Amino acid sequence: MNKKRKIRLLLGGILTLALVVTCGVVYQSGSKSTPNEKELVKENEEDSVDQAIKTEEREDSEEETADANTSNVEGSRDVEEETTQEKEGTDQTEASQDQGENTQETETGETEENQEGTAQDSETASAQITEQVETAMAPDLNFTESSLMEWPVSGQVVLDYNMDNTVYFPTLNVYKTSPAIAISAEVGTPVMAVANGQILSITENEETGTTVTVDMGNGYQAIYGQLKDVPFQAEEYVSAGAVLGYINEPTKYYTKEGANLYFALQKDGTPLDPLQYLP
């Protein structure tokens with residue numbers, strides 16, 4: 001029982017005592033009071049007591065309601081605090097998971113970048129090594145005006161070089177200048193490189209068939225036509241005497257001349273007489 005309830009009980013006791021005293025006084029003066037007056041006093045006493053009891057009961061009910069409301073509010077606060085704590089815990093867990101995922105993604109991205117960088121570095125290093133090896137293996141390209149070539153094939157010259165006068169071409173039945181020579185050879189005869197060089201191109205030409213152009217240095221180029229089965233590719237190096245290919249069937253421009261090697265020599269694009277550089 002709290003302090004407020006004790007005060008109410010004390011007031012009720014005092015009120016009851018006052019009523020008892022009043023009744024005693026009335027009783028003592030009963031000879032002077034009429035029956036109606038006594039009845040009225042008794043009813044007043046009963047009403048006062050009932051009113052005091054009802055007041056006390058109402059106050060008790062209000063106090064219990066207030067306590068219940070206080071308990072509900074405190075309970076609600078406790079639930080809210082627990083919910084907030086749970087939510088904060090969930091948020092922290094999710095944040096930790098997100099941070100872990102981000103960290104893992106970052107590490108994965110860095111690993112992939114490192115792998116790509118390593119692969120690129122390896123490719124670059126491999127290319128550099130290949131270039132160095134090719135440079136070391138490359139023959140000296142220093143053909144000059146005083147250099148001599150080796151014969152590409154052994155055979156008779158069936159068409160001469162002549163850029164000053166015309167030459168008769170039997171298949172075409174015409175006379176015209178000739179920037180190259182035609183050396184007779186059997187189909188399948190190996191064709192040799194006349195000097196060290198680097199292959200500039202391998203092309204197909206209507207007149208000269210499969211044609212290989214080789215850079216010999218200092219602007220000098222050797223041109224081999226009517227070949228087949230060329231074992232090299234452009235930009236590869238060849239040494240003097242290396243097999244560049246084999247004699248093929250003649251094109252329609254050389255059917256009467258028969259199978260032969262078309263061979264030309266140029267300096268900075270200008271035709272030269274190959275026979276001047278052959279032994």
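The values are calculated or read from the model by the stated rules, or taken from the named source; none is laboratory data. Quick caveat: nothing in here was measured; it's all calculated off a predicted structure. Please note: Cβ atoms are built from the backbone with ideal geometry, for glycine as well, and neighbour counts cover all protein chains shown.
List of remarks:
- Taking the stretch 202-218 as the range and being in contact with a strand residue (DSSP E or B) (Cβ under 7 Å, 6 or more places away or on another chain) and either surrounded by 13 or more Cβ atoms within 10 Å (Cβ to Cβ) or hydroxyl-bearing (Ser, Thr, Tyr) (or both) as the test, the residues that pass are ILE202, THR203, ASN205, THR208, GLY209, THR210, THR211, VAL212, THR213, VAL214, ASP215, MET216.
- Complete set of residues in the stretch 261-279 that are within 57 Å of the chain's Cα centre (by Cα) and either surrounded by 13 or more Cβ atoms within 10 Å (Cβ to Cβ) or not acidic (Asp, Glu) (or both): LEU261, TYR262, PHE263, ALA264, LEU265, GLN266, LYS267, GLY269, THR270, PRO271, LEU272
- Residues located in the stretch 240-250, provided they are of a type outside the set (A, V, I, L, M, F, W, C) and crowded, with 17+ Cβ neighbours inside 10 Å: GLY245, TYR246, ASN248, PRO250
- Hey, GLU236 under 15 Å from TYR253 (Cα atoms) and under 49 Å from the mean Cα position of the chain (by Cα) or not: no
- As for the stretch 158-165, it holds at least one residue that is at pLDDT 95 or above and either basic (Lys, Arg) or in a loop (DSSP other than H, G, I, E, B) (or both).
- Test: residue in the stretch 261-279 that is modelled with pLDDT under 95 and in a loop (DSSP other than H, G, I, E, B): yes
- Selection of first residues in the stretch 250-274 that are basic (Lys, Arg) and of second residues that are in a strand (DSSP E or B), restricted to Cβ pairs under 7 Å at least 6 apart or on distinct chains, gives the following pairs, ordered by first then second residue: LYS267/TYR220.
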